[in-house]
Amino acid sequence: MGKSLRAFAAALSGSSRDLLPVVLVVMFFQLVVLQQPIPDLVNLLVGILLVVLGLTFFISGLEMALFPIGESLAHALARKGSLLWLLLFAFSLGFGTTVAEPALIAVADEAAEVASTAGAIGASAEARSAYADGLRLTVAFSVGFAIVLGVIRILKGWPMHWLIAGGYVLVVGITFFAPEEIVGIAYDSGGVTTSTITVPLVTALGVGLASSIRGRSPMVDGFGLIALASLTPMFFVMIYGMVVQ
């Protein structure tokens, strides 16, 4: 019990330290630049406290559950020696974690609203919902594809820089053909996929898999899946925009 409390206190201290620069910046501009008192100080302090606690619990949860389970599943599937099950797990992990990302849900809903206002899709709620769902599923599929590609890269030992460079060449190339209304959404979709749910599990998968394979380095080969997961949605979403619009 004492050890758990000390670990929680250390995590709480770390979260407070991480949040401190943001608080100082806000206070500096409010008090020094704008020279105005901080509005609703009590709610602000309560909100900061909740953010610190939320970060602390989130980080503790990652260390207790998500990182270990991702690594253990990667180890177990590597020992099982079934490539099909490993790739199926990689795709399911990428698809499932991405489709549940709150940031992606928010971006998809906002994109549907803007597309409806601009006349790119119908004005009905059903049309907006279908557009948002299609966008989410497209991004989720693209991340699943990226994780499968990243797993194959780890197994084969392919250089990461060639995959990234080639991927961005494709992204830039298709940008010239995609509808201009979808380009910004596509580029933003690459960022929202690397959020609170996807990153811990995907990172743990890569590190665990690289640790399980002889001749692979967790430091060199275990990372890079997130880079691929950020790249592929740009390409797939622009394809989706070309099909829909």
* Skip the ligands, DNA and RNA, and give the accessible area per residue of segment 1-47 with a 1.4 Å probe, whole Å². => 81 Å²
* Structure fact -> Checking G157, G61, G119 against a Gaussian network model of the chain (alpha-carbon springs below 10 Å), the top fluctuating residue turns out to be G119
* **DSSP-assigned coil residues among chymotrypsin sites (Phe, Trp or Tyr not before Pro) in segment 88-194, each with at most 11 further Cβ atoms within 10 Å** => F176, F177
* To do: Please label the shape of segment 1-117 as rounded, prolate or oblate, based on the square roots a ≥ b ≥ c of the eigenvalues of the alpha-carbon gyration tensor (a/c under 1.5 means rounded; beyond that, a/b larger than b/c means prolate, else oblate).
  => oblate
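Mind running the shape call on segment 158-242? Use the C-alpha gyration tensor, a ≥ b ≥ c as the square roots of the eigenvalues: rounded below 1.5 for a/c, prolate if a/b tops b/c, oblate otherwise.
Oblate, since a/c reaches 1.5 and b/c is not below a/b.
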* **Length released on extending from A227 to F29, taking residue separation times 0.36 nm less the Cα-Cα span** => 67.8 nm
* Which whole-number percentage describes the relative contact order of the chain, with Cα contacts under 8 Å and a sequence gap of 6 or more? -> 25 percent
* To do: Please report, in debye to the nearest 20, how large the charge dipole of the chain is about its Cα centre when each Lys and Arg carries +1 at its beta carbon and each Asp and Glu carries -1 there.
  => 1200 debye
* Cα gyration tensor category, rounded, prolate or oblate, for segment 9-50 with a/c compared to 1.5 -> oblate
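With every protein chain left in place, what is the accessible area per residue of segment 65-171 in square angstrom, probe 1.4 Å?
50 Å²
Which percent of the accessible heavy-atom area of the chain goes to carbon and sulfur, probe 1.4 angstrom? Don't skip to the end; give the middle numbers.
Values: 9690 of 13460 Å².
Roughly 72 percent, rounded to a whole number.
The values are calculated or read from the model by the stated rules, or taken from the named source; none is laboratory data. Please read these numbers as outputs of a predicted model, since none were measured by experiment. Neighbour counts run over all protein chains shown; Cβ positions are idealised from the backbone, glycine included. Calculation scope for accessible area: heavy atoms of the full protein, side chains included, ligands and nucleic acids excluded. Shrake-Rupley method; radii C 1.70, N 1.55, O 1.52, S 1.80 Å.
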